[in-house]
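Q: Have a look at this one.
Just so it is clear, none of the values below were taken in a lab; they were calculated from the coordinates. Only a predicted model underlies this, so the values are computations on that prediction, with no experimental measurement involved. We place every Cβ from the backbone using ideal geometry, glycine too, and count neighbours over all the protein chains shown.
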Amino acid sequence: MSSSEVEKREKLLQASPGGRQPEGKRVAYLVSPDLIRSSDALVCHPGRSSCVHSLVYHLGLLDPAETSEQPVKESSNSSSCASSDGGEESELAELKRMLDPDASYIFPEQGSKPSEHRRAKLVISPLASDEQLMAFHDTCYVKALLGEASLKGDTSEGHEANSALASPTKRPRFDTKSKANVQSQSKRESQFGLEDDCPRFPLLAQHVRTVAGATIHAADLLANHQADVTIVWDGGRHHAHRSKAAGFCYVNDIVLGILALKRPRKVPQSRNVGSGSRKQKTILTRFERVLYLDLDLHWGDGVEQAFYSSSSVLTLSVHHHAQGFFPCRDTRESANGSFQVSSGPESAPAHALSLPLRPGATSETLSAVYASCIDPIIETFEPQAIVVQCGTDGAAGDPHGVWNLCSAGYLDVIGRILKRDKATLLLGGGGYDSPNAARVWAGVTSLALQHGENKDLESIRFELLAKKVPDQTFWSEMSGNDSLKVHAGEMKNENDEQYLQQLADRFEHYKSLLTKWRQERK
Ligand SMILES: [Zn+2]
C-alpha cells in the first residue's frame, strides 16, 4: 500500500463525525468487498461473511461517513472494480450493494441529530503486501499460496502465476504433460497443506491478501492510537503455520496482526505546556506486552507455536481437548483426567497457556473459568493490547456439537475484557452455523460500541439479547430465529465443580510462575 493511501485511510478514520456521537470507545470495523467475496468462497463456511456483515449493517452498527464516496482502492494488487454500467464504483458503494441488494436500509443522514447509539467506523480494509505476509510466513509458502512468481523480482517460475495473482480466479498452470511434474506438484501441495480441508480454491490469493491486510491494518489503527477497539470478523485463522495450511486456515492473520501491534512506531502526542495551550510532539512507542485469548472450540496451535518462545506475547487458548480432536497435540492424560502440556519455555514460563474444557461447556462454565483462570493471568501479565479470537464453534447449534455456549457467554467474557480499557483487537474464527456466528459477532460489535457509556454490563447484555434481527430477505432465508440470542441446548455439562477447581488450581500455579518471572525483570 502506498504512503498516500495510508494517509488517506488514516484521514478518513480521523475525519469521522465523532463530535456527533456519544462518548465511548472508538471502534473501527474492517471489511471490503474483496474480503467478503473471498471469505464467502471458503469451503468450510460458504456465505458466512455476507451473513455476518449483512446483519451488522442492517442493525445500524456501522458508520460509513468517513469512507466517503471516493474510490479508495489503489493497491496494484487489487482487482478492478467496475459497476454494471461500466463505470468505476467506489468500494463503499459496492459494499452497500453486496450487503443490501434491495437497498432496503438507509444509513442515518450525516449532520442530523446525534444518533441514538454509537456506530463503528467502517474502514475499507487494504490488501496485505508480499512483505507483510512474509513477516511470518515462509517465502516458498507465500509463493505457493499466491501463485509461483507473485513475489516482486522473482521470475524464476515464469509468467503464469503473475497472471494468476492479477486475476485471482485463475489458477497457476501445471504441466499436465509430465507425470513426474504432476507428482512433484502434488507432493509440494501436500507439503504446504494445500489438500483435504485446505484445498486450493479460485479466490485463494485474494483471500490470503484480504484477510491478512484487514487484520494488519486493524492492528495498525490500534498501535497508531486511532482506535480503541478494532474488529475483523473474517480474521482469526489460528491454525495456519509458517509454511503450512491447516484446519481451514491458509494465512495466520493473527500472528501477522500481533507482529504489527509489537512494531515500534512514531505516534503524535500532545502535552500541556501551560496557559491552556498544548504542544504536539512525536514519540516512539510500541506495545511491549500483548495478550492473545483464543475462545475457539479448537486449540489455537498456530498462534501458540509462533510465539512460544516470546516473553512479550502471552497466548491463552480455551478449547476442547480429547484424544484425536483436531489439532492433536502430544499430551499425556494425568491421573485426574486433565492433560499435561508445557506452558512455555524456561525463558518465558506460563506464556503459552491451555485451558481445556470438557464437552457440554456452558456460558456459565466460560464465565467461571474467566474469573478463576483468565482474569488473574491478564491482571498479572498487564498487557497493553489484547487480541481475542472469538470463534463461535463452541456455541450451541454448531455442527461440532461439543460445547453448549449461548450468546451471553461470549458477551460476558468480551465485555469484561473491554472493561480493562486496553487496545483490543476482536477477530472471528471458527463457527459453522453462520446465522449463529452472525448473531454472536453482531452482539459483540454492539457491545463494544455501547461499552464506555457507564452502562451496567448486565443491562447492555439484556438489551442486546432482546434485540430482534432486522426484517430482511437475506437473513430470513437463512434462519428461523429472529432474535440475536443463541439459545443453549440440553447437552450434559461434563465440566463439574471438581474439574473447574482443578483448572483454577493449575492457573493459580501459572499465575505464581508469571508473577515471579515478572518481578525478576522489574
Ligand atoms: Zn474452531
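Q: What is the fewest-to-most order of 511, 516 by other Cβ atoms lying within 10 Å of their Cβ?
A: Working: 511 17, 516 11.
Exposure proxy ranking, most exposed first: 516, 511.
Q: Once you have the Cα-Cα distance between residue 329 and residue 498, take 0.36 nm times their residue separation minus that, and quote the gain in nm to one decimal. Present the calculation step by step, with values, prior to reporting the outcome.
A: Details: separation 169, 0.36 × 169 = 60.84 nm, distance 2.44 nm.
Contour length minus Cα-Cα distance gives 58.4 nm.
Q: Out of residues 5 or more away from residue 241 or on other chains, whose amide H comes under 5 Å of its own, with H placed 1.01 Å from N in the peptide plane?
A: 246
Q: Can you tell me the order of 296-307, 439-450 when each peptide is scored by its average per-residue count of other Cβ atoms within 10 angstrom, highest first?
A: On the way: 296-307: 24.2, 439-450: 25.9.
Order by mean packing, descending: 439-450, 296-307.
Q: Ranked from highest to lowest mean number of other Cβ atoms within 10 Å per residue, what is the order of the peptides 495-507, 122-134, 273-285? Mind dumping the intermediate values first?
A: On the way: 495-507: 15.3, 122-134: 22.9, 273-285: 8.8.
Final packing ranking: 122-134, 495-507, 273-285.
Q: For region 393-434, what does the equivalent ellipsoid look like in terms of its semi-axes, each the square root of 5 times an eigenvalue of the Cα gyration tensor, given largest first in whole Å? Mind dumping the intermediate values first?
A: Values: eigenvalues 110, 28, 7 Å².
That gives 23, 12, 6 Å for the three semi-axes.
Q: Arranged by the count of other C-beta atoms within 10 angstrom, fewest first, what order do 392, 424, 210 take?
A: 424, 392, 210
Q: Would you please put 317-328, 46-57 in order of how densely packed they are, using the mean number of other Cβ atoms within 10 angstrom per residue and starting with the highest?
A: Working: 317-328: 16.3, 46-57: 23.1.
Those peptides, ordered most packed to least, come out 46-57, 317-328.
Q: What Kirkwood hydrodynamic radius do you get for region 251-309 when you take the inverse of the mean 1/r over all pairs of distinct Cα atoms, in Å?
A: Numbers: mean 1/r = 0.0696 Å⁻¹.
Evaluated over region 251-309, this radius sits at 14.4 Å.
Q: Applying 1/(1 + (r/R0)^6) with R0 = 25 Å to the Cβ-Cβ distance of residue 322 and residue 197, what FRET efficiency is obtained, to the nearest 0.05? Let's see the in-between values first.
A: Working: r = 18 Å, r/R0 = 0.73.
Approximately 0.85, to the nearest 0.05.
Q: Given H placed on each backbone N at 1.01 Å, which residues far from residue 319 in sequence or on other chains put an amide H within less than 5 Å of it?
A: Sorted by chain and number, the residues that satisfy this are 355, 357.
Q: Where does each of 521, 237, 289 land when they are ranked from fewest to most other beta-carbon atoms within 10 angstrom? Show your work: numbers first, answer last.
A: Details: 521 6, 237 31, 289 18.
In order of increasing Cβ crowding within 10 Å: 521, 289, 237.
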